[in-house]
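Readers should treat all values here as calculations from the given coordinates under stated rules, not as data from a laboratory. Remember, it's a predicted structure, so these values are computed and weren't measured experimentally.
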Amino acid sequence: MTSITYTKVIDDIAYLTLNNGTYNTIDDAIFLDLDRFKMFINQNPQLKGLVIMGEGRHFSSGANLNNIKNNSKNINLLEDSLNRGKEILNYIETLPLITVAVIKGICFGAGVEIAMSCDYRVCSKNSKFSFPESENGFIPGLGGCLRLPKIVGKKEALKLILSSVIIDSEEANMIGLVDKVVDKGEALDEAISIINYLTNDRSIEQVRNICSLVKKQALIDKNALNDESKYFSKLVQTKFDNH
């Protein structure tokens with residue numbers, strides 16, 4: 001399980017940090033202890049925002065390909081792991097507070113999928129984005145095929161996923177994948193500014209009620225998410241059975 005630090009709370013904003021080596025690789029689709037995270041959120045009813053970021057120079061390079069290969073023999077276990085990972089992202093996506101992903105450096109694959117579960121995405125100018133899964137013979141498996149078109153539209157989503165092209169921060173902003181591009185070292189401050197701007201002079205009850213209601217319409221069909229897990233698992237099995 002990827003090392004996660006999420007107990008830090010400053011001025012009613014919680015911070016969840018991906019912390020797993022230089023590139024913050026996602027070793028397991030179940031990258032976070034969901035029960036513990038829910039307990040943390042419930043124990044901090046004063047929270048108005050959540051920031052998700054990567055430790056060091058990068059957000060995340062995405063899934064660990066070796067771990068995917070090792071799990072390819074047990075398709076049921078792999079599928080279950082993906083579905084449980086999606087439960088984590090669904091929970092983050094529907095949190096009744098303002099969530100912002102702070103991105104710098106590499107943000108690939110599962111890293112982008114985690115970032116897309118947030119309400120807003122702020123990135124540094126040096127950020128790079130990609131979905132390398134197609135190049136590796138399979139598809140995004142943590143909701144990327146379903147969240148990306150809702151954010152950037154069908155045509156851009158097809159291009160990004162099928163081509164595995166790497167795009168820079170300017171293009172990511174142009175197509176709507178990120179909401180703001182800032183100079184190096186300024187992304188976290190910008191994320192905090194967004195949260196404060198949206199919640200200042202508003203009661204926690206107001207913020208939570210509004211977020212809860214607005215986010216209900218953003219829920220992705222569970223059957224579609226399950227289908228994505230099935231397709232991912234079968235493609236992974238096919239790829240590694242042939243090697």
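Calculated from DSSP H runs of 4 or more alone, at -39500 (n - 2.57) each and per residue, what is the 222 nm mean residue ellipticity of the chain, nearest 500?
Numbers: 10 runs with 113 residues, N = 243.
Helix-only estimate at 222 nm: -14000 deg cm²/dmol.
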Check: What full-extension length gain, to one decimal in nm, is calculated for Leu77 and Asp241 as 0.36 nm per residue of separation minus the Cα-Cα distance?
Finding: 57.4 nm
Check: Just how far, in whole angstrom, is segment 89-113 from segment 182-231 if you go by their alpha carbon centroids?
Finding: 9
Note to self: As I understand it, the value is the acute angle between the Cα axis of helix 154-163 and the longest principal axis of the Cα atoms of the chain; what does it come to in degrees, rounded to 10?
What the structure shows: 50
Notebook entry, point to check: So what's the angle, to the nearest 10 degrees on a 0 to 90 scale, between helix 75-93 and the longest Cα principal axis of the chain?
Noted result: 20
Margin query: Restricting to Cα pairs below 8 Å that are 6+ residues apart, what does the relative contact order work out to for the chain? Please round to a whole percent.
Written below: 20
Check: If you line up the long axis of helix 204-216 against the longest principal axis of the chain, both from Cα atoms, how many degrees apart are they, to the nearest 10?
Finding: 30
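Would you please classify the overall shape of segment 131-243 from the alpha carbon gyration tensor, given that a ≥ b ≥ c denote the square roots of the eigenvalues, rounded means a/c under 1.5, and beyond that prolate means a/b larger than b/c while oblate covers the rest? Spell out each step's value before the answer.
Details: a/c = 2.78, a/b = 1.61, b/c = 1.73.
Verdict is oblate for segment 131-243.
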Next item on the list: Any of Lys73/Lys104; Lys104/Lys215; Lys150/Lys216; Lys86/Lys125; Lys159/Lys216; Lys128/Lys155 with alpha carbons more than 24 Å apart? Name them for me.
Entry: Lys73/Lys104; Lys104/Lys215; Lys86/Lys125; Lys159/Lys216
Check: Let a ≥ b ≥ c be the square roots of the eigenvalues of the Cα gyration tensor of segment 31-81; is it rounded (a/c under 1.5), or, if not, prolate (a/b larger than b/c) or oblate?
Finding: oblate
Check: Pick from Ser169, Ser233, Ser212: which residue has the top mean-square fluctuation in a GNM of the chain where Cα pairs under 10 Å get a spring?
Finding: Ser212
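What shape does segment 1-95 have by the C-alpha gyration tensor, where a ≥ b ≥ c are the square roots of the eigenvalues, rounded means a/c under 1.5, and otherwise prolate means a/b greater than b/c and oblate the rest?
Working: a/c = 2.96, a/b = 1.55, b/c = 1.92.
The shape class here is oblate.
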